[in-house]
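The values are calculated or read from the model by the stated rules, or taken from the named source; none is laboratory data. Remember, it's a predicted structure, so these values are computed and weren't measured experimentally. Every residue, glycine as well, gets a Cβ built from its backbone with ideal geometry; the counts of neighbours run over all protein chains shown.
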Amino acid sequence: MERKAEICRTTKETGIRISLNINGNGKADIDTGIGFFDHMLTSFAVHGGFDIFVNCKGDLNVDGHHTVEDVGICLGKAFAEALGDKSGIMRYGSAFIPMDEALGFCAVDISARPYLVFNAEFKSERIGEYDTCLTEEFMRAFAFNSGITLHLKAEYGKNDHHITESLFKSLAYAIKQAVRLNNNGLPISSKGAI
């Protein structure tokens, strides 16, 4: 079963092209103009086993907000399109991921009921050119445009790079579980549809 999508979106703030192959091998080609964000999206692709291409030209002269949020919107839309009616997927996934002294947790329900619970505190305003507050903005945009109920928690940690990376990697492993195919190809729902 092919599970691919391509999304293009152009606004006055960003121009974005994304391609996604859920059944990939973890290949990543990411260029958003924000080095640390590229690193996080690459980690997401590699650890999720997704092939992801992202090219974003954003108004970084303003700040990184539009770039990060709009990439979240487009990547969320790509997952929604690639999964179609969501029949045949396991639907739920969760993961604890350590990154040195930090531990991140993620639980997902690919439910068509978007929701975000985000519980993480950062000690610094920035990691390189990346504003730490944008992690929550990305996750919200991704959850609401993919139709995923998403819970993320930084259990503990001291280094903001490690905390953020543990969250992106836990997201990757949780989604990798949730998009696995089940045994009968039917939606896992008592309603008969997701």
| note | If we keep only residues of the stretch 165-194 that are modelled with pLDDT under 95 and of a type in the set (Ser, Thr, Tyr), then the residue surrounded by the fewest Cβ atoms within 10 Å (Cβ to Cβ) is SER190
| message | Given the criteria surrounded by fewer than 19 Cβ atoms within 10 Å (Cβ to Cβ), of a type in the set (D, E, K, R) and not in a strand (DSSP E or B), does GLU6 qualify? | response | no
| note | Of (1) touching a helix residue (DSSP H, G or I) at 6+ places or on another chain (Cβ under 7 Å); (2) among the small types (Gly, Ala, Ser); (3) within 27 Å of GLU13 (Cα to Cα), ALA82 satisfies every one except (1)
| Taking interchain pairs and intrachain pairs at least six residues apart, which have beta carbon atoms under 7 angstrom, with the first residue in the stretch 150-164 and assigned to a loop (DSSP other than H, G, I, E, B) and modelled with pLDDT under 95 and the second aliphatic (A, V, I, L, M) and buried (at least 17 other Cβ atoms within 10 Å of the Cβ)? | none
| task | Select from the stretch 47-74 the residues that are out of contact with any strand residue (DSSP E or B) (no Cβ under 6 Å at 6 or more places or on another chain) and among the hydrophobic types (A, V, I, L, M, F, W, C) and list them in ascending order. | result | PHE50, LEU60, VAL62, VAL68, ILE73
| Restricted to the stretch 102-117, and to residues that are at pLDDT 95 or above and touching a Gly at 6+ places or on another chain (Cβ under 6 Å), which residue is surrounded by the most Cβ atoms within 10 Å (Cβ to Cβ)? | VAL108
| said: Against the condition touching a strand residue (DSSP E or B) at 6+ places or on another chain (Cβ under 7 Å), assigned to a strand (DSSP E or B), in contact (Cβ under 8 Å) with a residue 60 or more places away in the chain and among the β-branched types (Val, Ile, Thr), how does ILE30 come out, does it pass? | reply: no
| query | Under 8 Å by Cβ, and 6 or more places apart or on different chains, what pairs join a residue from the stretch 45-61 that is within 14 Å of ALA82 (Cβ to Cβ) with one that is charged (D, E, K, R) and not in a helix (DSSP H, G or I)? | reply | ALA45/LYS27; ALA45/ASP51; ASP51/LYS27; ILE52/LYS27; ILE52/ASP29; PHE53/ARG17; PHE53/ASP29
| task | Please specify each residue of the stretch 25-60 satisfying the condition of being among the small types (Gly, Ala, Ser), under 24 Å from PRO98 (Cα atoms) and either surrounded by 16 or more Cβ atoms within 10 Å (Cβ to Cβ) or in contact with a helix residue (DSSP H, G or I) (Cβ under 7 Å, 6 or more places away or on another chain) (or both). | result | GLY26, ALA28, SER43, ALA45, GLY48, GLY49
| ILE16 being over 13 Å from the mean Cα position of the chain (by Cα), closer than 30 Å to SER87 by Cα and crowded, with 21+ Cβ neighbours inside 10 Å | yes
| request: Return a yes/no flag: does the stretch 142-153 have any residue that is more than 21 Å from ARG3 (Cβ to Cβ), more than 14 Å from the chain's Cα centre (by Cα), crowded, with 18+ Cβ neighbours inside 10 Å and not charged (D, E, K, R). | output: no
| Conditions (1) outside any loop (DSSP other than H, G, I, E, B); (2) without any contact (Cβ under 8 Å) to a residue 40 or more places away in the chain; number of the one not met by ASN183 | (1)
| ALA120 vs. criteria touching a strand residue (DSSP E or B) at 6+ places or on another chain (Cβ under 6 Å) and either surrounded by 22 or more Cβ atoms within 10 Å (Cβ to Cβ) or at pLDDT below 95 (or both) | no
